[in-house]
Each structure stands twice: as structure tokens, then as C-alpha cells.
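What follows is one structure encoded as C-alpha cells, with my remarks underneath.
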Amino acid sequence: MIKPTLDCFPCILLTTDMQSNRLEYCNKYAKDVLALTADEITEYSLFDIISKASAIFFESYIRPTLVSSGSCQEIQISLMLPANEKIAAVANLQLVDTKIFWSIYIAVARDKLYQELLAAREHLEIKTEELTLLTRVDPLTNLLNRRAAIDDFTKVLNQLNRNFVATSFLLIDIDWFKKINDTYGHNRGDDILVELANVLKKMTRSSDIVARWGGEEFLMVLYNSDLKNTHLFCQRLHQEVNAITIAQDKKLSISVGAAALNANDLTSDDVIEKYVKCADIALYQAKVNGRNRTEIFDDNI
């Protein structure tokens, strides 16, 4: 049976002099790791085996702490290996009379594990964001889905309750979409939905909400837009949409219903449902009046 000695410990064990900083003892593990080759250990100083930054840390923090409390626990330092290679380490120190007793543990494996844990957490956060995005986005058009639009408008409502600004709802429907599908196929119909979605995204601001409401219907909420500005916006929107070619010289058109949010309705539980319905009534009127146009809901009716 091997007689236990300090050379059996799988960590660096040192003794240094508090005044001179000279090494007075090190175990075999320390000699092997630090490549101490001199016959007399006292030929080495503490500052020969720790980095310059660690030496400054020793003088500015470790030494005063030892003087005041007699010990330091789990202090992070850098050890110097041959060819100026640094390795991370964690040290526990005890001051007895004028001698400092060190137990130092190489922290490379721990730091590697820490970095792996950080990378794993970052990966999980990215995946969580991706999954959250999947639950909010319509997979065909990459616009918000209905649930996400409602969630986002709920946040807008909180802003409007603090500081009301004019806000308009638009409900948009592609004219004769069933005929497009029947004539040119559902693949072309899907392409039309994507092209229209791109136009809607291009024309909206970050403060606006644009979503695929269902089928060929889209919802837009224009923040800080009164009816006059909303009407001008819709004129530009019709022009942009009319530039989309369905096939040959046949151009795409949309019908739009608009409704202006009333500040008195902000506290209503069904404010979203109410104004989508108002916009839908106006949309129906746009269809009745010949399509490819915008009608604005009259709340006096």
C-alpha cells in the first residue's frame, strides 16, 4: 500500500512567504504542471508562476484580504506555463504566521464546461425564439397570424390608453380570388397571396400591424393614422396591388374596408372584435360598389 503524501493530491499545493513571495514548498503535481525544474524551489517567486494580471490582483486584493481575514476562498487566477501559455485556475489560500498555504485547482475543464453550458443555453434560447416565431407567423405569407395580431394589438391598446392617437383598422380581401384559383390553379393562388403579403409588408411601418386574417383576407392596423391619412394610404395600396400581374395582362385588385378607432371604446372588452366587424361591414360595401376600392365605415349608421 502506498503511503499517502501531499504528492498524492491531484491539485497544486504551494507554500509561499508572505514578505518575499518566494516559493518554499510545492508538491509533485505542481512541479509537473508548472514545469518547475530548478533543484531549489526557493529559486522561484510566486510571480514566476502566475500571470501579470494575477500578480496585480494578488497585491491589490488577495494580500490585503489575507491580512484582514486570514484566508481567501475560490479566487480565480491565471497560471503561467512554459512558452507563456496561460491556464485558468481556482485557488484557496490560508495565511499562517508569515506563510501562505495554497491549494490550486486547474479550471480548464470547468471553464470548458461553463462555455458549453453557455452555448447550450444560447442554442435553447434561439430554438425557443424560433418556436415562438412559428406560433406567431403564417407559414405561407410570413405575416403575423390571427392570434399574433390580436396579441400585438392588445399591447398597442395599452399604449393608446396612456396616450391616444388616431388608429385605423383595414380589412383587405382579394377580388375574385376563387376565380383566380379555379382558372390558374391553387399554386398560382398561393403565389398571389405571397406577392400581396410582400406589398403589405413593404408599405407598413414597424408600429403598424399586418396579418393574414384568414384565407385571402388580411388585417392591417395603422397606428397614428387618421381617416385622411388612411384614405391616402389606401390609394397608394391599390396602385401597388394593381401592379401585380395575375397572368398576361390581368392585374390583381383588392377591396378594402376601413374603420377608425374611437377613444371611447378603448376600455371595451371586445374592442378588437368590434372594429374588425366595422371594417368587415365597410369591406362588404366595397364589394357591393364594384370592388377594387376602399370604403370607410360610418359609425353614425
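Every number here is computed from the coordinates shown, using simple stated rules; none is lab data. Nothing here was measured: the structure is a model prediction, and the numbers come from that model. Cβ coordinates were reconstructed from backbone atoms using ideal geometry, including for glycine residues, and neighbour counts include every protein chain displayed.
Considering only Ala53, Leu36, Tyr25, the residue lying farthest towards the positive end of the dipole of the range 1-146 is Ala53, judged by Cα position with unit charges set on Cβ. Of the residues Asn198, Gly215, Asn264, the one whose Cα sits farthest towards the positive end of the charge dipole of the range 137-296 is Asn198 (charges of +1 on Lys and Arg Cβ, -1 on Asp and Glu Cβ, taken about the Cα centre).
When +1 charges are put on Lys and Arg Cβ atoms and -1 charges on Asp and Glu Cβ atoms, the dipole computed for the range 137-296 relative to its Cα centre reaches about 300 debye.
Relative to the present Cα-Cα distance, how much length would full extension add between Cys8 and Lys287 at 0.36 nm per residue of separation?
Numbers: separation 279, 0.36 × 279 = 100.44 nm, distance 8.89 nm.
Here the answer is 91.6 nm.
Using the Cβ of Arg147 as centre and a radius below 13 Å, the other residues enclosed give a net charge of 0, where K and R count +1 and D and E count -1.
With 0.36 nm allotted per residue and the present C-alpha distance subtracted, the Ser103-Glu40 stretch has 20.6 nm of extension available. Put a plus charge on the Cβ of each Lys and Arg, a minus charge on the Cβ of each Asp and Glu, and nothing anywhere else: the dipole of the range 6-111 about its Cα centre is then about 260 debye.
Semi-axes of the equivalent ellipsoid for the range 143-235, computed as √(5λ) from the eigenvalues of its C-alpha gyration tensor and ordered from largest down, come to 28, 14, 10 Å. Where q = 0.11, 0.13 Å⁻¹, what log10 of I(q)/I(0) comes from the Debye formula for the chain, counting one point per Cα? With one equal scatterer per Cα and no solvent, log10 I(q)/I(0) is -0.70, -0.90.
Per-residue extension of 0.36 nm, minus the Cα-Cα distance of Ala120 and Ser268, leaves a gain of 48.9 nm for this segment. A simple spin-label model places pseudo-atoms 7 Å from Cα toward Cβ; at Gln159 and Arg146 they are separated by 2.5 nm. Here the ratio of the Cα radius of gyration of the range 6-111 to 2.2 N^0.38 Å is 0.98. Remark on the range 137-296: ratio of C-alpha radius of gyration to 2.2 N^0.38 Å is 1.02.
Applying a threshold of 28 Å to the alpha-carbon distances of Lys178/Lys277; Lys250/Lys274; Lys3/Lys31 flags Lys250/Lys274 as lying beyond it.
Computed from Cα atoms alone, the Kirkwood hydrodynamic radius reported for the range 176-230 is 12.6 Å.
Axis of helix 108-136 versus longest Cα principal axis of the chain: the two differ by about 10°, to the nearest ten degrees. Taking the Cα centre of the chain as reference, the dipole from Cβ charges on Lys and Arg (+1) and Asp and Glu (-1) amounts to some 560 debye.
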